[in-house]
Amino acid sequence: MKIDHLVLNISRKYQQDSKEIKAIQNAGFPYKPDMGIRTKGFKVSNIWIGNEYLELVRLLLPSGGTWKKEWVDAYNLGHRGLMCLMLDTDNLDAEYKRLSSLYVPMTKPETVRYKWFLNLLSKTMPWRNSYIPVFFGVPMQIGFQETKDASQKGSMTPNSRDNSIRGIKKVVVEGGFTEGDLKMLAQLFPEGKQETEGFTVKLENNQTLVFRYNKEYHVTIVTDCKNAEFEKKYVSFENVTLRNS
């Protein structure tokens, strides 16, 4: 299992304000918000970081069109920032069966489809997704994705790997996690460990997840940066800090 992408609800300025866009680019991320999926209901722009990415979503209509209902509801209630951490798995059906046996509520694997142009056009994506519920103490959830053909994900350009920022190596989620949340994390990640830093999970490709109690909800995404020009640089938007190391 490994990090695939992070879904963020964002305000208009992170797709249209030149100052905000420039701040992301100056940290080493060649962000082009005009690229990405756009439907009548929502606009997506991506920050590509090696094989991982941030999916920045802004609603264009309160209904959100075909965007995920739970995320649309959260957006309309004012939630901005990380909405979902998506993890890549080689066998989504096996993961669904394992978690169901532990009575962890998880949606059935489902193929993603988008519709646009008055619902006359549609596109079926080459992956299936499942989700656990939103945490009790933190307004985010974890999703699982299985991709049939990784080459069909898209060109993933412009990509920060061109600046020797090669991928996401660590995600730290801080928030008001409850005992029930920690129990569910232990079921999701039986290999995880309760450490001083928090509940820590080691994934493939030397990636790490950390879930830590904090009164404030904040997310730190740490990249694998091999460029002295961008090393230690960071940019913050909504409740997320994207940091090179």
Straight-line reach from residue 108: which lysines have Cα under 16 Å away, leaving out those fewer than 8 places along the same chain?
68, 69, 97
For the chain, take every pair of Cα atoms, bin their distances at 5 Å starting from 0, and report each bin as a whole percent.
1, 6, 13, 18, 20, 19, 14, 7, 2, 0, 0
Extension gain from residue 102 to residue 136, taking 0.36 nm per residue of separation minus the Cα-Cα distance
10.4 nm
Straight-line reach check, residue 148, cutoff 15 Å on alpha carbons, 8 or more apart in-chain or any other chain, hits among aspartates and glutamates -> 4, 88, 90, 93, 110
Value of [θ]222 nm, deg cm²/dmol, for the chain, DSSP H segments ≥ 4, -39500 (n - 2.57) each, nearest 500:
-4500 deg cm²/dmol
When you count, for each residue, the other Cβ atoms within 10 Å and take the mean per peptide, how do 133-144, 196-207 rank with the highest first?
133-144, 196-207
Short version: ³J(HN,Hα) in whole Hz for each residue of region 46-63, in order, from phi by Karplus 6.51 cos²θ - 1.76 cosθ + 1.60 (θ = phi - 60°), x for Gly and Pro, what are they?
10, 10, 7, 10, x, 8, 10, 7, 9, 9, 9, 10, 10, 6, 9, 9, x, 6
Residues with amide H under 5 Å from that of residue 170, placed H, sequence gap 5 or more:
208, 222
Cα→Cβ-extended label distance, 7 Å offset, between residue 12 and residue 35, nm
2.5
Hits among lysines - C-alpha to C-alpha of residue 19 under 25 Å, sequence gap 8 or more where chains match:
32, 43, 232, 233
Would you kindly derive the ³J(HN,Hα) couplings of region 130-147 from the backbone phi angles with the Karplus curve 6.51 cos²θ - 1.76 cosθ + 1.60 (θ = phi - 60°), listing them in order in whole Hz, with x for Gly and Pro?
9, 9, 8, x, 4, 4, 5, x, 9, x, 8, 9, 10, x, 10, 10, 10, 9
The set of residues whose placed amide H lies less than 5 Å from the amide H of residue 80, leaving out same-chain residues fewer than 5 positions away, is none
Could you tell me what percent of the DSSP beta bridges with both partners in region 1-78 are antiparallel, to the nearest 5?
65
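Bear in mind that the values in this text are calculations on the coordinates, not laboratory data. Just so you know, these numbers come straight off a predicted model, no measurement behind them. Here Cβ is always computed from backbone atoms with ideal geometry, including for glycine, and neighbour counts include all displayed protein chains.
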